[in-house]
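A quick write-up on the structure given underneath.
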Amino acid sequence: MTAVPIAAPASLPADALRDVRKAHAPFPMGRVVAWIVAGLILGGFVYICAVNPNFGWPVVGQYFFDPTVLKGLSVSLGLTAVAMVLGIVLGLLVAVARMSKDRLSSSLAGLFIWFFRGAPLLVQLIFWYNLSVLFPKISIVIPFGPTLASWDTNHLITPLTAAIIGLSLNEAALMAEIIRGGLISVDRGQTETAQAFGMTRGRILRRIVLPQAMKAIVPPTGNQLISMIKATSLVSVIAMADLLYSVQSIYNRTFEVIPMLLVAVFWYLLITSVLNVVQGAIERHYGRSERATATIRKDNP
């Protein structure tokens, strides 16, 4: 069947012949109205909060840089850094074990992830803090032999060590799944090719798989870091002098509950905002290869 060409009309209206590049989109009246309404609502809420004396804004300004608050902030930041480093390192080991072909390693790693990811973090912190109830002493013992060393559990498991252990193990279970997902996203053919060239598994992981997996690992890791900052507030229940515990100790004396809680909230918001900027910079760094590939394809179709 032969297609019959349709002849173009001899003449077209003048408006049909205009250059489409000069066409203008209709004025987005609905969107403008939505922005105005949202701005008015937000502005009204901010005004109500600003003029409400019950918020105690002078108290917020007075205690924002209080030495007790800053000390608690440093404790929260230190806990976050230590727990994230330990969680990432342990999570990498657990993720590699989970992907191992060895049934024992894979099963133990899966059991670790199942338990520490499933148990609430607050319960884990309280459990580690009260470990002496189960084991009054922690000992190093040769099986069916003598005891090499023994320590009082209450001396070893302080609020600091309980917080580090609880936060790190919980973070390791979460990071193990994030890292495993990133490693799976890398084409397995690259690993097989590297093995054909005689590279060891460890070298393949460091030089080929991990650098490519970072694009999938970094965004959720940034989210985990932000979540960790907020999760450190849970250690206040085991008498760890973090940021929340510090503001609580102040309002227990002054009875300025809302202003002191606002101090903690503003510090958490400030820290998470900075981390969001850092996370965006890291994501752009690891996205350079994709942008370069897209540019090459565009220049060489």
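What follows draws every value from the coordinates through simple rules; no lab data is involved. Everything quoted here is computed from the prediction, not taken from an experiment. Cβ sites come from the backbone with ideal geometry, for glycine too, and all protein chains shown count toward neighbours.
Here are the numbers for this structure:
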| read-out | value |
| --- | --- |
| Shape category assigned to segment 78-241 from the gyration tensor of Cα positions, a/c cut at 1.5 | oblate |
| The chain: angle of helix 103-118 to the longest principal axis, Cα-based, in degrees nearest 10 | 90 |
| Contour minus Cα-Cα distance for residue 81 and residue 153 (0.36 nm per residue) | 23.4 nm |
| Within the chain, helix-based [θ] at 222 nm, where runs of 4 or more DSSP H residues each add -39,500 (n - 2.57), nearest 500 | -23000 deg cm²/dmol |
| R0 of 30 Å, Cβ-Cβ distance residue 130-residue 249: FRET efficiency to nearest 0.05 | 0.85 |
| Likely footprinting exposure, 42, 122, fewest C-beta neighbours within 10 Å first | 42, 122 |
| Net dipole in debye of the chain [+1 Lys, Arg Cβ; -1 Asp, Glu Cβ; about Cα centre; nearest 20] | 900 |
| Added length on full extension, which subtracts the Cα-Cα distance from 0.36 nm per residue, residue 54 to residue 258 | 72.6 nm |
| Nearest-0.05 FRET efficiency for residue 70 and residue 285, computed from C-beta distance (R0 41 Å) | 0.85 |
| Label assignment, Cα extents along the principal axes in Å derived from the structure, set [x] 62, 47, 35; [y] 68, 49, 46; [z] 104, 71, 31 | [z] |
| Fully extended contour minus Cα-Cα distance, from residue 214 to residue 237, at 0.36 nm per residue | 4.8 nm |
| Protection proxy ranking of 181-194, 91-104, 269-282, 139-152 - average other beta-carbon atoms within 10 Å, highest first | 91-104, 181-194, 269-282, 139-152 |
| Three-way shape call for segment 194-251 based on the alpha-carbon gyration tensor, with the a/c threshold at 1.5 | prolate |
| Efficiency of FRET between residue 160 and residue 276 - r from beta-carbon atoms, R0 30 angstrom, step 0.05 | 0.60 |
